[in-house]
Structures are given as C-alpha cells and as structure tokens.
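Engineer: The structure follows.
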Amino acid sequence: MISMEEAKIIEGFVYEAGQILLSAKPGEAEVYKKDGPANFATFFDVKIQEFLIGKLSERFEGAGFFGEEDTQGNAQKVSPGYTFFIDPIDGTTNFMFDYHNSCVSLGLSEGNGMIGGWVYDPYKDRMFSALRGHGAFLNGIRLHIENRPMSEGIVAFGCARYNEGDRIFSVLKELFMNSLSLRNGGSAAIDLCRIAAGSNIAYVEMKIQPYDYAAASVIIEESGGFIGQADGSPITIDGPCSIVAGTKKAASQIRGILSGAQ
Ligand code: IPD
C-alpha cells in the first residue's frame with residue numbers, strides 16, 4: 001500500500017496533467033484515428049500520458065503502466081507490483097469538440113486489486129480521489145452515498161461505437177421509465193464519479209476498457225457504492241468488461257433489467 005504522502009504526490013501529478021488539458025486548444029490538436037469506428041486520440045492525449053508516465057516512473061521505480069495511448073513505457077498490462085491505469089483524456093471526443101467535459105483519470109493497482117484512484121476535471125476544478133480503506137473525497141471533502149433506488153435519480157450510460165456501444169440501446173427505454181432521467185456525458189470516469197458525488201444514481205456501459213473505470217471504481221466503492229459487471233461478477237482490470245455501477249439498490253435493479261432483456 002502507498003502512503004498518504006505518496007498519494008498526495010500522485011494527486012499533484014494528476015492536477016498538473018489537468019492543467020495541460022485545460023490549456024490545450026482542441027483546434028490546434030492533431031487528431032489520430034485509432035481502431036474501430038469513431039475512435040480517436042489527439043496530440044494532447046499522447047502528451048498528457050507521456051507526462052504522467054515520466055513523472056510516475058521517476059517516483060515509483062519499477063511500476064507498470066496500463067495506459068490508453070501507444071506511448072513509450074506503456075505495457076498495456078497489469079504488472080505484479082504497482083500498475084498505473086492512465087486515461088490521459090477521458091472524453092476525447094468531447095475535447096475534440098470543445099465540450100469542456102473531459103478529465104484525467106489515474107488508477108493504481110497492487111497485484112490484482114485496485115488500491116487508488118484520482119479523477120480530475122480541470123474545467124470544473126474537481127478532484128476526486130480515493131485510497132482503499134481511507135474513503136473517497138471530492139476536493140478534500142469526504143463522500144458518502146445514500147443507498148437510494150433507481151426511481152430517485154439520474155442514470156448515466158456510455159456507448160462508444162468502437163466498443164459495441166449500440167448494445168445498450170435495447171434497454172434504454174426501460175432504464176428511462178424506471179429512473180428520473182438518462183444522461184450520456186461522453187466521459188465514463190466523470191459519470192462514474194458523479195455516482196460518488198450523489199449526482200448520478202447509476203452508470204451502465206456494455207463494454208469499456210480498464211483505464212476508463214479503474215480509478216473511478218475505487219472512488220465509488222470507497223464512497224459506499226457498488227461497481228461490477230452486468231451479471232454482478234467483479235470488474236476485470238486486465239481487459240475490457242461491462243460495467244453496472246451505482247448505489248447498491250440501483251445497481252441491483254439495473255442488473256435485473258439487463259438480465260430480463262437477454
Ligand atoms: C471513452 C469515454 C466514453 C465511453 C467510452 C470510453 P475516451 O473514453 O469515457 O464516455 O463511453 O467507452 O472509451 O476514449 O474518451 O478516453
């Protein structure tokens with residue numbers, strides 16, 4: 001386990017990475033096409049990931065990296081010791097179109113278990129953080145989720161075209177009719193952290209990559225929420241999986257809706 005002091009140092013790196021995102025102008029960002037439909041990276045995704053790998057490998061010698069972009073030092077796998085999961089810009093499409101709804105997401109695992117998470121939205125200056133066993137925080141204020149049912153909140157969902165995102169559409173009407181409303185924010189990490197902050201009651205996505213949810217998974221669990229796959233099994237950190245997260249009540253209701261739809 002890392003110390004509180006080390007956690008603060010990591011948070012500082014994530015904050016600095018967020019300042020790179022905040023000052024980046026989408027119009028000046030070269031865009032690279034990745035595998036699958038509507039899948040992009042920009043010059044700034046690469047730059048921020050390089051910045052974080054540089055800082056973290058200096059401070060945590062021997063740590064592994066499971067990052068979204070193809071940069072030096074990124075093994076894209078879980079190492080036996082510490083592994084940092086980096087999404088340098090979660091909400092890349094939002095960034096490309098100047099939506100101001102993107103974040104830097106950094107998760108930390110030790111062996112096969114997630115132990116830390118930092119998600120920073122520089123547009124709103126909101127830093128979510130959590131260390132396993134020490135609670136979840138938003139800008140230093142402790143977060144606690146109230147276990148409310150789905151009928152009392154907003155359900156967010158994700159649907160990336162390159163990740164078979166259309167699979168969610170068959171259940172959206174039922175999610176809508178059983179909640180207050182639906183949202184698709186375009187940044188899974190932000191939408192997941194909104195569960196910890198009490199703004200979303202739940203989040204669903206049928207296929208998503210570990211660097212998108214690794215950090216937020218610790219933040220949700222440390223705030224009293226639940227995150228797992230559509231069938232209730234634990235999330236995977238070595239490859240993509242489905243995600244149903246929320247208050248314990250809402251997550252269980254959503255799993256019921258998904259199983260009824262199959
Ligand atoms: C994507 C966003 C999107 C989610 C996708 C992710 P990226 O991450 O979080 O909301 O639906 O599954 O891949 O590509 O912007 O880092």
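The values are calculated or read from the model by the stated rules, or taken from the named source; none is laboratory data. On a predicted model such as this, the values are computed, not experimentally measured, just so you know. Glycine also receives a Cβ, built like all others from the backbone with ideal geometry; neighbour counts cover every protein chain displayed. Remember, those area values only see protein heavy atoms, side chains included, never the ligands or the DNA or RNA. Shrake-Rupley method; radii C 1.70, N 1.55, O 1.52, S 1.80 Å.
Engineer: Considering segment 71-109 alone, what residues qualify as being hydroxyl-bearing (S, T, Y), more than 9 Å from the ligand (Cβ to nearest atom) and under 14 Å from L22 (Cα atoms)? Walk me through it before giving the result.
Structural biologist: So in segment 71-109, the residues hydroxyl-bearing (S, T, Y) come out as 71, 79, 82-83, 92-93, 99, 102, 105, 109.
Going one step further and asking which of them are more than 9 Å from the ligand (Cβ to nearest atom), we end up with 71, 79, 82-83, 99, 109.
Scanning segment 71-109 gives a single hit, Y99.
Engineer: Related question: What's the number of the only condition in (1) open to solvent by 80 Å² or more (accessible area, probe 1.4 Å); (2) not in a helix (DSSP H, G or I) that P37 fails to meet?
Structural biologist: (1) is the only condition that P37 fails.
Engineer: Would a scan of segment 169-183 turn up a residue that is within 12 Å of the ligand (Cβ to nearest atom) and either in contact with a helix residue (DSSP H, G or I) (Cβ under 6 Å, 6 or more places away or on another chain) or open to solvent by less than 20 Å² (accessible area, probe 1.4 Å) (or both)?
Structural biologist: For segment 169-183, residues within 12 Å of the ligand (Cβ to nearest atom) and either in contact with a helix residue (DSSP H, G or I) (Cβ under 6 Å, 6 or more places away or on another chain) or open to solvent by less than 20 Å² (accessible area, probe 1.4 Å) (or both): absent.
Engineer: Moving to a separate point now. What are the residues in segment 17-60 that are over 18 Å from the mean Cα position of the chain (by Cα) and of a type in the set (D, E, K, R), if any?
Structural biologist: K25, E28, E30, K33, K34, D35, K47, E50, K55, E58, R59
Engineer: Among the numbered criteria (1) at pLDDT 95 or above; (2) open to solvent by 80 Å² or more (accessible area, probe 1.4 Å), which one does F51 miss?
Structural biologist: If we test F51 against (1) at pLDDT 95 or above; (2) open to solvent by 80 Å² or more (accessible area, probe 1.4 Å), just (2) comes out false.
Engineer: State all residues of segment 56-67 that are open to solvent by 30 Å² or more (accessible area, probe 1.4 Å) and either touching a helix residue (DSSP H, G or I) at 6+ places or on another chain (Cβ under 8 Å) or within 16 Å of the ligand (Cβ to nearest atom) (or both); if no residue qualifies, say none.
Structural biologist: Scanning segment 56-67 gives a single hit, R59.
Engineer: Now for a different question. Return the only residue of I195, I201 being within 12 Å of the chain's Cα centre (by Cα) and within 16 Å of G158 (Cα to Cα).
Structural biologist: Numbers: I201 fails: within 12 Å of the chain's Cα centre (by Cα).
Checking each option against the conditions leaves just I195.
Engineer: Starting from segment 246-261, keep only residues that are without any contact (Cβ under 8 Å) to a residue 24 or more places away in the chain, then list their pairs with residues that are crowded, with 23+ Cβ neighbours inside 10 Å and β-branched (V, I, T) whose Cβ atoms are within a distance under 7 Å, requiring at least 6 positions of separation or different chains.
Structural biologist: From segment 246-261, no pairs qualify.
Engineer: Right, here's the next one. Can you name the number of the only condition in (1) within 14 Å of the ligand (Cβ to nearest atom); (2) under 22 Å from Y123 (Cα atoms) that I235 fails?
Structural biologist: It fails just one condition, (2).
Yes or no, residue by residue, for (1) farther than 25 Å from G81 by Cα; (2) crowded, with 24+ Cβ neighbours inside 10 Å; (3) modelled with pLDDT of 95 or more:
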{"residue": "G185", "(1), (2), (3)": "yes, no, yes"}
{"residue": "A196", "(1), (2), (3)": "yes, yes, yes"}
{"residue": "A214", "(1), (2), (3)": "no, yes, yes"}
{"residue": "G225", "(1), (2), (3)": "yes, yes, yes"}
{"residue": "A230", "(1), (2), (3)": "yes, no, yes"}
{"residue": "T236", "(1), (2), (3)": "no, no, yes"}
{"residue": "C241", "(1), (2), (3)": "no, no, yes"}
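Engineer: Hey, A29 hits all of (1) buried (at least 17 other Cβ atoms within 10 Å of the Cβ); (2) at pLDDT 95 or above; (3) of a type in the set (A, V, I, L, M) but one; which does it fall short on?
Structural biologist: Result: A29 passes all but (2).
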